[in-house]
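The values are calculated or read from the model by the stated rules, or taken from the named source; none is laboratory data. Because the structure is a prediction, the values reported are computed rather than measured. Reconstructed Cβ throughout: ideal geometry from the backbone, glycine too, with neighbour counts over all protein chains shown. Quick note on the areas: whole protein, heavy atoms, side chains included, nothing else; ligands and nucleic acids left out. Shrake-Rupley method; radii C 1.70, N 1.55, O 1.52, S 1.80 Å.
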Amino acid sequence: MKTLQSPFAFMRFTLALILALAGIASAHAFVDHADPKVGAQIDAAPADVKIWFTQQIEPAFSKIRVFDAEGRQIDNKDCRQDKDDKKLLIVSLPKLPAGTYKVEWRVVSIDTHHTSGDFKFTIKP
């Protein structure tokens, strides 16, 4: 096995490794922002939950679900990708009472990488 004998060769190897790992990490779709915002305390019930992702997503394999404090799924089960913004996923909500709600998301970016997560928002009484 050939060793990296000069500091310059080691630096080039390290830089190449960092760039390769950065390329792998950037291939995943993560939450860019959401409405309601992550952890928000809002005055009125939203009509829907919207999540914008850092990458274009594949709608057939992506979803948002919203749960009440008892763990019941309360969204309208109509998760869809925005027709104009391929990074935006939307699910509509019924009229919600005051309380804390958990949003769970799972998406597949168009390059087939899976990511998932959750956050909460609260509707004030």
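Assorted remarks:
- Some residue of the range 19-35 being buried (at least 16 other Cβ atoms within 10 Å of the Cβ), modelled with pLDDT under 95 and assigned to a loop (DSSP other than H, G, I, E, B): yes
- Taking every residue in the range 43-58 that is over 21 Å from H114 (Cβ atoms) and part of a loop (DSSP other than H, G, I, E, B) and pairing it with any residue that is open to solvent by less than 30 Å² (accessible area, probe 1.4 Å) and among the polar types (S, T, N, Q), at least 6 positions away or on another chain, the pairs with Cβ-Cβ distances below 7 Å are A47/S92.
- In the range 75-88, the residues that are touching a residue at least 24 places away in the same chain (Cβ under 8 Å), crowded, with 17+ Cβ neighbours inside 10 Å and over 11 Å from the mean Cα position of the chain (by Cα): D75, Q81
- Scan the range 40-69 for residues that are buried (at least 17 other Cβ atoms within 10 Å of the Cβ) and hydroxyl-bearing (S, T, Y) and the total you get is 1.
- R72 falls short of the stated requirement of being under 22 Å from the mean Cα position of the chain (by Cα), surrounded by 11 or more Cβ atoms within 10 Å (Cβ to Cβ) and at pLDDT 95 or above.
- Members of the range 59-74 that are touching a residue at least 12 places away in the same chain (Cβ under 8 Å) and among the charged types (D, E, K, R): K63, R65, D68
- Subset tally (residues that are closer than 20 Å to A98 by Cα and charged (D, E, K, R)) for the range 43-87: 8
- Qualifying residue in the range 94-107 (condition: out of contact with any strand residue (DSSP E or B) (no Cβ under 7 Å at 6 or more places or on another chain) and either surrounded by 12 or more Cβ atoms within 10 Å (Cβ to Cβ) or without any contact (Cβ under 8 Å) to a residue 24 or more places away in the chain (or both)): yes
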